[in-house]
């Protein structure tokens, strides 16, 4: 048996469903974490907030696990981990995403890889039919498709669900480049026409200078799809006129950025909300802004956090128009997960003016070691 055959069998451990730990012990407590970041957030119909991020080890690597916490008081206090997915090392779980589908079902997605990146990875999910229940009941883990998915799916007006996944093409220390994955090394779009029961590759975008992709998709008023993609010099774009089958990228960047994750969402008002770094030096000045012309121009600019090393926003909008943005700060130093709550009025004014506006709310912080 050759060395490559042995490697293939080892990598296939990442294809095995992990156990879902509904009674995580002390080893998953805040005090034990050496590193944490990359959060996601959702909100139940009854107002419960749910948050996820990943930790394990002292950085991104084989020891990573994903965790789930909740808040019953609008994000002021949070539970200990209620659920943990921690595959056996060296398989890691990372990049978790929370999403309520149009039927109110809560999806918890994560990616799974053998080691830091095995050249294939894979997006997994479990589902909860009632995220407001006193006890959350989950489906069995299911692998959906190859790659990594960083952001929430998009539901088109025709009912199609789109998920943005990628097999990383960026060369990085510790990454494996599999030749059998070459045709998937793009900003991929997967579609489901049966409410998530099955997913198939629909289209691919090749945005210049992309890095880790982390792409998000918006359906514009004219029916075209707008994809934003993380690039080394900022944020690039691609447009699809046919529901995601074909994508035409722009040559340059459409937005500035420090090569980091951003967040974009269509609000109930019809405006677009973008959370990105603005007038930044590296990953500082995380800012919320609005657009009324489908992303051509942005205004408002509510500064959520001016400090260095604030990054990776994810967000949701409640039925009453409150926007919740979760993000991380200093993953290896302060080790903070933070929350901003605001309205469109606050963003328009460029400063907190609503009664609900709260900035730099701590969701979780690892205590300083003596």
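Computed values, structure above
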read-out: Shape of segment 253-301, Cα gyration tensor, a/c cut at 1.5; value: prolate
read-out: Relative contact order computed over the chain (Cα-Cα under 8 Å; 6+ residues apart), in percent; value: 12 percent
read-out: Segment 115-129 residues near the modelled residue 22 label - backbone nitrogen below 14 Å, point 7 Å along Cα→Cβ; value: 127-129
read-out: Mean-position separation - Cα centroids, segment 106-176 and segment 56-79, in angstrom; value: 17 Å
read-out: Extension gain, residue 179 back to residue 220 (0.36 nm per residue minus Cα-Cα distance, nm); value: 11.2 nm
read-out: Sorted by Cβ density within 10 Å, fewest first, the residues 48, 182; value: 182, 48
read-out: Candidates 232, 38, 337, ranked by Gaussian network fluctuation over the chain, Cα under 10 Å, top entry; value: 232
read-out: Relative contact order [Cα under 8 Å, 6+ residues apart], segment 21-151, whole percent; value: 19 percent
read-out: Cα convex hull of the chain - mean projected area over all directions, nm²; value: 18.2 nm²
read-out: FRET E, pair residue 32, residue 232, Förster distance 35 Å, beta-carbon r, rounded to 0.05; value: 0.50
read-out: Cβ crowding within 10 Å averaged over residues, with 286-297, 186-197, 350-361 ranked highest first; value: 186-197, 286-297, 350-361
read-out: Against the rule of thumb 2.2 N^0.38 Å, how large the Cα Rg of segment 21-151 comes out; value: 1.01
read-out: R0 of 30 Å, Cβ-Cβ distance residue 206-residue 369: FRET efficiency to nearest 0.05; value: 0.10
read-out: Pairwise label distance in nanometres, residue 157 with residue 242, each label 7 Å out on the Cα-Cβ vector; value: 2.0 nm
read-out: Ordering of 200-208, 306-314 by packing [mean C-beta count within 10 Å, highest first]; value: 306-314, 200-208
read-out: Between segment 332-368 and segment 189-249, the alpha-carbon center distance in angstrom; value: 29 Å
read-out: Linear extension gain, residue 170 paired with residue 103, 0.36 nm per residue minus alpha-carbon span; value: 20.5 nm
read-out: Using a Förster distance of 45 Å, the FRET efficiency for residue 10-residue 319 (Cβ separation, nearest 0.05); value: 0.45
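Coordinate-derived values only; no laboratory data. What you see is a predicted model; the values in this text were computed from it and never measured. Ideal geometry is used to build each Cβ from the backbone, glycine not excepted, and the neighbour counts take in all protein chains shown.
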